[in-house]
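Everything on this sheet refers to the single structure shown next.
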Amino acid sequence: MRPFDYLEPETLDEALALLADDPDDTLVMAGGTAIVILMKQDLIRPARVIGLRRIAPLRAIGATDEGLRLGALATHGALARSPEVRGHAAALASTFAAVATVRIREQATLGGNLAHADPAQDPPVTLLALDGVAVARSKTRARRIPLDALFVDLFETSLEPDELLVAVELPRLPVGARATYKKFLPATLDDYATVSVAAVVATDATGACTHARIALGGAGPVPLRARAAERSLLRRRLDDAAIREAAALAAAATDPIDDLRGSAEYKRAMAGVWTARALREVA
Ligand SMILES: Cc1cc2nc3c(=O)[nH]c(=O)nc-3n(C[C@H](O)[C@H](O)[C@H](O)COP(=O)(O)OP(=O)(O)OC[C@H]3O[C@@H](n4cnc5c(N)ncnc54)[C@H](O)[C@@H]3O)c2cc1C
């Protein structure tokens, strides 16, 4: 690895001030699980690295008046074990538990995961289906970014170079909503998903669908919402015909690439299969 200056601020304000000094030549590091690999491969060569791990308040996970707030430095392991996360949606806790291996989960953070913007990652998919909003801060600004506006392209987000992710906020779910996350892992259990699907639905007393969210991972350059599929379910009973139609629309919304985990055609077909499985479960 090339030499670089390493700074470890104790507070968020200190970190934001350091970042504002030289945003284009500075890299922030949380758990380091994604970024250290890229540095060792010499794909990125930061002059300065700001380690975030001492900023303890960014690890907080807690209920708010509107729903749930997840600190950007919370690890996947802490999030998987959190009673607050499980209370909000058990599917969210199991999404964090589905990331990689225990070693990665105890080191890697939510903020690092979202900022890394690999479309095959797990948490963004469920967080999108739960209408998650990223909270970003710079030295001079604070803004809230709906997650589907955070992911711009492969490994690219709408964060500015002087911004840090500080949290993700989730609104309370509609009463009676049911959620699931399905990670299709045909190779090994610690792999990235070939495709993944999160589905959230709520129905009224007649069984008609009043709320539908379907999000997919590994199915395009960014984690994506299958909006036409969601719309097709509204005001309908979640019977087999409705589920099959929505699954076909979800598959049509994908734009996967050929890679080691399968051809684009295979992944598109699997997106349909796993969307149908997810919807049957929540129905
Ligand atoms: C072997 C292995 C297997 C993996 N398997 C999976 C898997 O199955 N599922 C999955 O979802 N992921 C997987 N990952 C990816 C990894 O879990 C995520 O990339 C991880 O969450 C990154 O978090 P981190 O804290 O380590 O990020 P870091 O490596 O520290 O940083 C990643 C990027 O985010 C930026 N960053 C970090 N924190 C912030 C912040 N607060 N604000 C702004 N930018 C920030 C960094 O500058 C960098 O660009 C795997 C990684 C490895 C090494």
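The values are calculated or read from the model by the stated rules, or taken from the named source; none is laboratory data. Since this is a predicted model, take the numbers as computed values, not measurements. A quick note on method: Cβ atoms are made from the backbone with ideal geometry, for glycine too, and the neighbour counts reach across all protein chains shown.
A few comments on the model shown:
- Residue in region 55-63 that is within 12 Å of the ligand (Cβ to nearest atom), closer than 20 Å to Ala108 by Cα and touching a residue at least 40 places away in the same chain (Cβ under 8 Å) present: yes
- Meets criteria (within 14 Å of the ligand (Cβ to nearest atom) and either surrounded by 20 or more Cβ atoms within 10 Å (Cβ to Cβ) or not in a helix (DSSP H, G or I) (or both)) for Ala15: yes
- Candidate set: region 34-49, residues that are over 21 Å from the mean Cα position of the chain (by Cα) and near the ligand (Cβ under 9 Å from one of its atoms); chosen: the one farthest from Thr101 (Cα to Cα): Pro46
Here's the yes/no breakdown for (1) surrounded by 14 or more Cβ atoms within 10 Å (Cβ to Cβ); (2) closer than 20 Å to Val152 by Cα; (3) not assigned by TED's automatic domain parsing to the domain that holds Leu150:
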residue	(1), (2), (3)
Thr188	no, no, yes
Ser196	yes, yes, yes
His211	yes, no, yes
Arg261	yes, no, yes
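- Restricted to region 21-31, and to residues there that are near the ligand (Cβ under 6 Å from one of its atoms) and touching a Lys or Arg at 6+ places or on another chain (Cβ under 9 Å), the residue that is farthest from Val49 (Cα to Cα) is Gly31.
- So Gly71, is it within 12 Å of the ligand (Cβ to nearest atom), assigned by TED's automatic domain parsing to the domain that holds Ser94 and buried (at least 21 other Cβ atoms within 10 Å of the Cβ): yes
- Of all the criteria given as (1) in contact with a Ser or Thr (Cβ under 9 Å, 6 or more places away or on another chain); (2) aliphatic (A, V, I, L, M); (3) near the ligand (Cβ under 6 Å from one of its atoms), the one not satisfied by Val99 is (1).
- Sub-8 Å Cβ pairs linking a first residue in region 124-150 that is over 24 Å from Ala15 (Cα atoms) to a second residue that is acidic (Asp, Glu) and crowded, with 16+ Cβ neighbours inside 10 Å, at least 6 apart or interchain, are Leu128/Asp148; Gly132/Glu169, ordered by first then second residue.
- Looking only at residues of region 84-120 that are among the polar types (S, T, N, Q) and surrounded by fewer than 23 Cβ atoms within 10 Å (Cβ to Cβ), we find that the one that is nearest to the chain's Cα centre (by Cα) is Ser94.
- Taken over region 174-192, the criterion of being near the ligand (Cβ under 10 Å from one of its atoms) and among the aromatic types (Phe, Trp, Tyr) is satisfied by Tyr192 alone.
- Answer residue from region 201-215, given it is touching a Ser or Thr at 6+ places or on another chain (Cβ under 8 Å) and more than 16 Å from the ligand (Cβ to nearest atom) and is farthest from Val102 (Cα to Cα) among those: Asp204
Here's the yes/no breakdown for (1) of a type in the set (Gly, Ala, Ser); (2) in contact with a Pro (Cβ under 6 Å, 6 or more places away or on another chain); (3) more than 13 Å from the ligand (Cβ to nearest atom); (4) more than 24 Å from Thr26 (Cα to Cα):
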position	(1), (2), (3), (4)
Leu127	no, no, no, yes
Pro146	no, no, yes, yes
Glu160	no, no, no, no
Arg172	no, no, yes, yes
